[in-house]
Amino acid sequence: DAGVTQSPTHLIKTRGQQVTLRCSPISGHKSVSWYQQVLGQGPQFIFQYYEKEERGRGNFPDRFSARQFPNYSSELNVNALLLGDSALYLCASSFVGSPLSYNEQFFGPGTRLTVL
Amino acid sequence: AQSVSQHNHHVILSEAASLELGCNYSYGGTVNLFWYVQYPGQHLQLLLKYFSGDPLVKGIKGFEAEFIKSKFSFNLRKPSVQWSDTAEYFCAVTDRGDYKLSFGAGTTVTVRA
């Protein structure tokens, strides 16, 4: 079975540029979450999307945005890149069951973004 | 959102030694608890999870964790580690019904042959 896939694997940008990261969830999963993992720290929640709607947002500036497409894939956009945006960006997908249940999140390999 | 603290940044062990990694979360209520592992060059994988019921949870590869509600803790254990257990281990928490995972900073475990 194909797991969560992310592209690109690595990316180098300069300050002020914009970047788009892509994620394809596991087949049948309708929810996608994005996390930022800075070196030496645990992943930090950025967004979750379910059925193409934003369900939640972490403590990140408006430079970060995302969307989910009809096929449930997702893009994360970051504008006006800062050096501090250098991190591993993780995508996780889950099969959402009942609204009150937790649905296990399956992580992709991540996109390593370096901002120079 | 919960904050999660992991007690050890880096643990070095010899094969066959016992492992225990500490994890505490910030406040009570009904929570879901997880341990994830990241082997070198691989992506995050779920080791085990606790939703409800028996507070002693068994996961893959011989790992187990104990939920102690009164201490807001969810410590990970393995009686006898192997070289292949070298990895980074993350504790994570969600409030029940929430979808945001709050992760600890991680513990790097190095097992020497």
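All conditions but one from (1) surrounded by 13 or more Cβ atoms within 10 Å (Cβ to Cβ); (2) farther than 24 Å from B:Tyr89 by Cα; (3) not charged (D, E, K, R) apply to A:Gln18; the one that does not is (1). Somewhere in the range A:87-98, is a residue in a loop (DSSP other than H, G, I, E, B), within 11 Å of chain B (Cβ to nearest Cβ), within 16 Å of the chain's Cα centre (by Cα) and at pLDDT 95 or above? Checked the range A:87-98: no residue is in a loop (DSSP other than H, G, I, E, B), within 11 Å of chain B (Cβ to nearest Cβ), within 16 Å of the chain's Cα centre (by Cα) and at pLDDT 95 or above. Each residue in the range A:1-42 was checked for being touching a residue at least 24 places away in the same chain (Cβ under 8 Å), assigned to a loop (DSSP other than H, G, I, E, B) and either more than 12 Å from the chain's Cα centre (by Cα) or over 26 Å from B:Asp98 (Cα atoms) (or both), and 17 of them qualify.
Say we look at the range A:43-71 and pick out the residues that are part of a loop (DSSP other than H, G, I, E, B) and within 22 Å of B:His43 (Cα to Cα); which of these is modelled with the highest pLDDT? Within the range A:43-71, the match that is modelled with the highest pLDDT is A:Pro43. Among the residues of the range B:16-44, which ones are surrounded by 15 or more Cβ atoms within 10 Å (Cβ to Cβ), polar (S, T, N, Q) and within 13 Å of chain A (Cβ to nearest Cβ)? Passing the criteria: B:Asn32, B:Gln38. Summed over the range B:40-95, the residues that are among the basic types (Lys, Arg) and in contact (Cβ under 8 Å) with a residue 60 or more places away in the chain give a count of 1.
Of all the residues in the range A:51-65, those that are within 14 Å of chain B (Cβ to nearest Cβ) and within 13 Å of the chain's Cα centre (by Cα) number 5.
Taking (1) at pLDDT below 90; (2) within 14 Å of the chain's Cα centre (by Cα) in turn, B:Val31 satisfies each apart from (2). One residue stands out among those in the range B:68-111 that are surrounded by fewer than 17 Cβ atoms within 10 Å (Cβ to Cβ) and in contact with an Asp or Glu (Cβ under 7 Å, 6 or more places away or on another chain): the one that is nearest to the other protein chains (Cβ to nearest Cβ), which is B:Thr108. Does the range A:31-47 contain at least one residue that is within 13 Å of chain B (Cβ to nearest Cβ), more than 16 Å from A:Leu90 (Cβ to Cβ) and touching a Lys or Arg at 6+ places or on another chain (Cβ under 9 Å)? Looking through the range A:31-47, none of the residues is within 13 Å of chain B (Cβ to nearest Cβ), more than 16 Å from A:Leu90 (Cβ to Cβ) and touching a Lys or Arg at 6+ places or on another chain (Cβ under 9 Å).
The values are calculated or read from the model by the stated rules, or taken from the named source; none is laboratory data. Every value quoted in this text rests on a predicted model; they were computed, and no experiment measured them. Neighbour counts are summed over all protein chains in view; Cβ atoms, including those assigned to glycine, are modelled from backbone coordinates with ideal geometry.
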